[in-house]
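Participant: Would you mind keeping the following structure in view while I ask a few things?
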Ligand SMILES: Cc1cc2nc3c(=O)[nH]c(=O)nc-3n(C[C@H](O)[C@H](O)[C@H](O)COP(=O)(O)O)c2cc1C
């Protein structure tokens, strides 16, 4: 059975809702899911012992800066300690498209995970406003990521 870790940081509960919705779809798809608030996870737990790690963070910037939801910021600062090189990662977050940097936290995460050699699967999910209004998009995204999660790695090429 494939195993997934979903870590989220959420101030008003939107990203937590999205994390639970994704977790629900993963469970339906037969994936063993652990959902964890970022406040309660050690950076070293993120990565290799899962087939995929999903990181979800809302954005808390202002006019000229991109900032993470406050609980998520320490994990971002520490992410080098996570074992994600060559590991599948998917990213999601909630934001407000009227802000200067819509879901800027997702953009920062995507860049950092790429720098560390993680494999970002699927286009990252950016939810604008109330997650309930984006339910169909979230479900489709979760199904796509679940499918990527369950795909076995290509077998090694046999040389004659
Ligand atoms: C002080 C403040 C700053 C924010 N900055 C941003 C931002 O830079 N970019 C963005 O997309 N959304 C921004 N938002 C919107 C939140 O990210 C959005 O409301 C989100 O749904 C909150 O999700 P959460 O409840 O999971 O924390 C900001 C909201 C507040 C209150």
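Participant: What is the antiparallel percent of DSSP beta bridges lying wholly in the range 3-150, to the nearest 5?
Facilitator: Just about 10 percent of them are antiparallel.
Participant: Sort largest first and round to whole Å: the equivalent ellipsoid semi-axes of the range 69-142, each the square root of five times a Cα gyration tensor eigenvalue.
Facilitator: Value: 23, 16, 10 Å, ordered largest first.
Participant: Still on this structure: Among 66, 113, 84, which one moves the most in a GNM of the chain with springs linking Cα atoms closer than 10 Å?
Facilitator: Result for the chain, Cα springs under 10 Å: 66 fluctuates most.
Participant: Pull out a ≥ b ≥ c, the square roots of the eigenvalues of the alpha-carbon gyration tensor of the range 6-95, then state rounded if a/c is under 1.5, prolate if not and a/b is larger than b/c, and oblate in the remaining case.
Facilitator: Judged from the Cα gyration tensor, the range 6-95 comes out oblate (a/c at least 1.5, b/c at or above a/b).
Participant: Sticking with this structure for a sec: Show that you can apply the helix-only estimate: for the chain, add -39,500 (n - 2.57) for every DSSP H stretch of four or more residues, divide by all residues, and state [θ] at 222 nm to the nearest 500.
Facilitator: -9500 deg cm²/dmol
Participant: Between 134, 146, 90, find the one with the highest GNM mean-square fluctuation for the chain; connect C-alpha pairs within less than 10 Å.
Facilitator: Residue with maximal mean-square fluctuation among 134, 146, 90: 134.
Participant: Go from 0 up to the bin containing the longest alpha carbon distance in the chain, width 5 Å each, and give me the % of pairs per bin.
Facilitator: Using 5 Å bins, I get a P(r) of 2, 10, 20, 23, 21, 14, 6, 2, 2, 1, 0, 0 for the chain.
Participant: Here's a follow-up. GNM, the chain, Cα, under 10 Å: largest mean-square fluctuation among 13, 23, 47?
Facilitator: Highest fluctuation among the options: 13.
Participant: Let me ask something additional. Note the angle between two axes, namely the Cα long axis of helix 104-115 and the longest principal axis of the Cα atoms of the chain, as a number of degrees from 0 to 90, rounded to the nearest 10.
Facilitator: Compared with the principal axis, the helix lies near 30 degrees.
Participant: Could I ask something else about it? For the chain, find the longest principal axis of its Cα atoms and tell me its angle to the long axis of helix 14-28, 0 to 90°, nearest 10.
Facilitator: Compared with the principal axis, the helix lies near 20 degrees.
Participant: Dividing the convex hull volume of the alpha carbon atoms of the range 51-101 by its residue count, what do you get in Å³ per residue?
Facilitator: Once divided by residue count, the hull of the range 51-101 is 91 Å³.
Participant: Could you give the nm distance between label points at residue 148 and residue 133, where each point is 7 Å from its Cα heading toward the beta carbon?
Facilitator: The answer from the label model is 2.6 nm.
Values in this text are rule-based calculations from the coordinates and carry no lab data. All of these numbers come straight from a predicted model, not from anything done at the bench. Cβ atoms come from the backbone with ideal geometry, glycine included; neighbour counts cover every protein chain shown.
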